[in-house]
Amino acid sequence: MRVATVSAAASGGVRVEGVAHWPDSAPAGGLALAHGAGSDCHAPWLAALADAFADRGVAVLRCNLPFRQLRPTGPPRPADAGQDREGLRAAARWLREAGIAGVWLGGHSYGGRQASLLAAADPAGLRGLLLSSYPLHPPGKPGQLRTGHLPSLRIPVLAVQGSKDTFGGAAEVEEAFQAIPAEWRVMKVPGAGHDLKIRAGYPALAAAVFSAFTEFFFGGR
């Protein structure tokens, strides 16, 4: 596996910045991953996911969303969301231009939500979504659901959700995802919260996520 820093100009004034993980052999596909609202592309969970996927033949770009490119700390503002989705679109395009035939989009929490919103509006060229800790609602506010776009999702969705996630546990996400007309699955992580930390550690969970990914998208092949 090769790991390389990415900093490239993109169309529309959106830059692609992050870290790319390349398999030793020809990639079987590509995955663009975005971080959560309080993090960046160097988040340990994203790094573990990228290593697990690249070790098994899938190229991964863990990218900094535009709001994080502008500000090294602090959460995104509501006005950032559209530009952040354009950043995800640019990351997927970067993978395709690097020669990757099939591209998935995903991310953790805020990054995954923006990926799902982009896919609901324009799924062109995407093979599916990998969402970790989807922020179904703000903590303690289960009535404020972020589900309005789910009926517009027409590509497969695999979600990785902790059973104790205060933004929506796995059971809550399963109930909400009934609104998705495409195929979907929720991989439950017992005892985990929003950060998906488990006793076995991130590398073990990332390997399990890859197994679920191949089972869901390729029938275990």
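Structural remarks
- First in region 128-140 and more than 27 Å from A92 (Cα to Cα), second anywhere and surrounded by fewer than 22 Cβ atoms within 10 Å (Cβ to Cβ) and not small (G, A, S), Cβ under 7 Å, 6 or more apart: P138/Q144; P139/T166
- Only residues that are over 21 Å from F218 (Cα atoms), outside any loop (DSSP other than H, G, I, E, B) and either among the basic types (K, R) or in contact with a Pro (Cβ under 7 Å, 6 or more places away or on another chain) (or both) were counted in region 38-77, giving 4.
- Matching residues, region 82-112, being surrounded by fewer than 17 Cβ atoms within 10 Å (Cβ to Cβ) and either among the aliphatic types (A, V, I, L, M) or assigned to a helix (DSSP H, G or I) (or both): G82, R96, E97, A98, A101
- Contacts under 6 angstrom Cβ, first residue in region 22-34 being buried (at least 24 other Cβ atoms within 10 Å of the Cβ), partner part of a loop (DSSP other than H, G, I, E, B), 6 or more apart: G30/I100; L31/V58; A34/L65
- Residue list for region 114-127, filter: surrounded by 18 or more Cβ atoms within 10 Å (Cβ to Cβ) and either in a loop (DSSP other than H, G, I, E, B) or out of contact with any Ser or Thr (no Cβ under 6 Å at 6 or more places or on another chain) (or both): Q114, A115, S116, L117, L118, A119, L126
- In region 10-21, residue surrounded by the most Cβ atoms within 10 Å (Cβ to Cβ) [restricted to those that are small (G, A, S) and not in a strand (DSSP E or B)]: A10
- Single condition L130 does not satisfy, out of (1) assigned to a helix (DSSP H, G or I); (2) among the hydrophobic types (A, V, I, L, M, F, W, C); (3) under 21 Å from L33 (Cβ atoms): (1)
- For region 182-190, the criterion of a residue being basic (K, R) and either modelled with pLDDT of 95 or more or at positive phi (or both) is satisfied by at least one position.
- Matching residues, region 156-166, being assigned to a loop (DSSP other than H, G, I, E, B) and crowded, with 23+ Cβ neighbours inside 10 Å: D165
- Among the residues of this structure, G57 counts as one that is over 22 Å from V14 (Cα atoms), more than 15 Å from the chain's Cα centre (by Cα) and in contact (Cβ under 8 Å) with a residue 24 or more places away in the chain.
The values are calculated or read from the model by the stated rules, or taken from the named source; none is laboratory data. Note that the coordinates shown come from a computational prediction; the quantities given were computed from them, not determined experimentally. Every residue, glycine as well, gets a Cβ built from its backbone with ideal geometry; the counts of neighbours run over all protein chains shown.
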